[in-house]
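Just below is one structure, and these are the notes that go with it.
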Amino acid sequence: MFSGKSAVSDLLRECDRVLVPNYRTEFDLLRIGGGLIDLENAVVDWSPIRTQSALTRFERTVQRLAATPAFPANLVTTGFGYARQYPGILEGARRFVDEIVDVAWSTPWPFDDLDDGPVATFTRKLRSRFGAAPRRSYRLVSAERFPGAASAFVSSLLWQGADPSRDDLVVTHNALEPFDPARHLHLLGPGARSIVVDRDPRDIYATAITTQVGFNDDLEFYRRIAGAHDVETFIRRHQAYRRACAPANDRVLRLRFEDVALRYDETVARVLEFLELPSTAHVARGSHLDPERTRANIGIWRAPALAAYAADFARIEAECGA
């Protein structure tokens, strides 16, 4: 969060045959609770109980991600509007589920009773009392077919806005978390790579506690998410995140935000080589990423306006590094 990943997005935006969405457009289908990674984990650690539950939860999650509730439903329901951004997501999800299900039948399934709300619970118990226990759709999932079907489903969404005659590579933001992205890269399709951007934690903290249009334009909201409302919380969060990071992997490129500006040519070369793009692909150099302007976002914790937080910055450096 506030790592400066948009600088790398801007760099890729300058490359030929690379499609880059707005940096605030994130693809949450994999990492969200009840999303594709949770389903994959339940399929790999296969169980007739847990895998069925995870599949049902995944279907509900896709429905909610796809929805754009209108008034008055938006007062009591949440949706991410993915059906607008990724037309066909619901039909694609249905085909994906059909492909991975080995066998399905209707049966009472008491393990799913815990997910019922008050009305459904009352109805079920009333029907059971009269000898008409309700049945549920129960599915057994194929672990063998899951990887290919999941990859095809995700690729069909991410490439919807691409033109094969013009685009060879599609960028997505935050589809995977930065801790061990290699573990689930296969869900994004064959040959997928991940670039993770990190930054001086003092500047992350400084960004989180100051209002900046386009980055932190809802101060209290984003400060709380970053844990920057309290320096102790921020430090513990930062340390926990770094402890969770996996060792180096040839499909994951880890960059420092500072290097994008201070070692610009070297960083550009590393990114192009990592993505197997020729140096000639960088056709619009400087049109989106200006290294000089990017340097202005390095060391912002030193700003006189933040002098009151000097003790916080010193503690962050001592406990988290720079």
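The values are calculated or read from the model by the stated rules, or taken from the named source; none is laboratory data. Bear in mind the structure is a predicted one, so any value in this text is a computation, not a measurement. Ideal geometry is used to build each Cβ from the backbone, glycine not excepted, and the neighbour counts take in all protein chains shown. Quick note on the areas: whole protein, heavy atoms, side chains included, nothing else; ligands and nucleic acids left out. Shrake-Rupley method; radii C 1.70, N 1.55, O 1.52, S 1.80 Å.
Using alpha-carbon pairs under 8 Å, 6+ residues apart, how would you state the relative contact order of the stretch 213-322 in percent?
Relative CO of the stretch 213-322 lands at 29 percent.
Could you give the accessible area per residue of the stretch 4-152, probe 1.4 Å, as a whole number in Å²?
55
Once you list every other residue whose beta carbon is under 12 Å from the beta carbon of V196, what net charge do they have if Lys and Arg are +1 and Asp and Glu are -1?
Cβ neighbours under 12 Å give a net charge of +4.
Could you give the accessible area per residue of the stretch 270-322, probe 1.4 Å, as a whole number in Å²?
Per-residue accessible area for the stretch 270-322 comes out at 64 Å².
In terms of modelled amide H atoms, which long-range or inter-chain residues lie less than 5 Å from the amide H of L253?
Long-range HN contacts for L253: S194, I195, V196.
Size of the dipole of the chain about the Cα centre, Lys and Arg at +1 and Asp and Glu at -1 on the beta carbon, nothing else charged, in debye to 20?
Rounded to the nearest 20 debye, it is 980 debye.
Using the crude model of +1 on Lys and Arg Cβ and -1 on Asp and Glu Cβ, and no other charge, please compute the dipole size for the stretch 155-274 relative to its Cα centre, in debye to 20.
Dipole magnitude for the stretch 155-274 comes out near 440 debye.
Nearest 20 debye, what's the magnitude of the dipole of the stretch 9-131 about its Cα centre given +1 on Lys and Arg Cβ and -1 on Asp and Glu Cβ?
560
Ignoring ligands, DNA and RNA, what percent of the accessible area of the chain is carbon or sulfur (1.4 Å)?
54
Quick one: accessible surface of L12, probe radius 1.4 Å, all protein chains present, in square angstrom to the nearest 10.
So the heavy atoms of L12 present about 10 Å² to solvent.
For V141, which sequence-distant residues (separation of 5 or more, or a different chain) have an amide H within less than 5 Å of its own amide H, given hydrogens modelled in the peptide plane?
Under 5 Å from the amide H of V141 lie the amide H atoms of D102, each far enough along the sequence or on another chain.
For the chain, build the charge dipole from Cβ charges (+1 Lys, Arg; -1 Asp, Glu) around the Cα centre, then report which of L126, G34, I100 sits farthest towards its positive end.
L126
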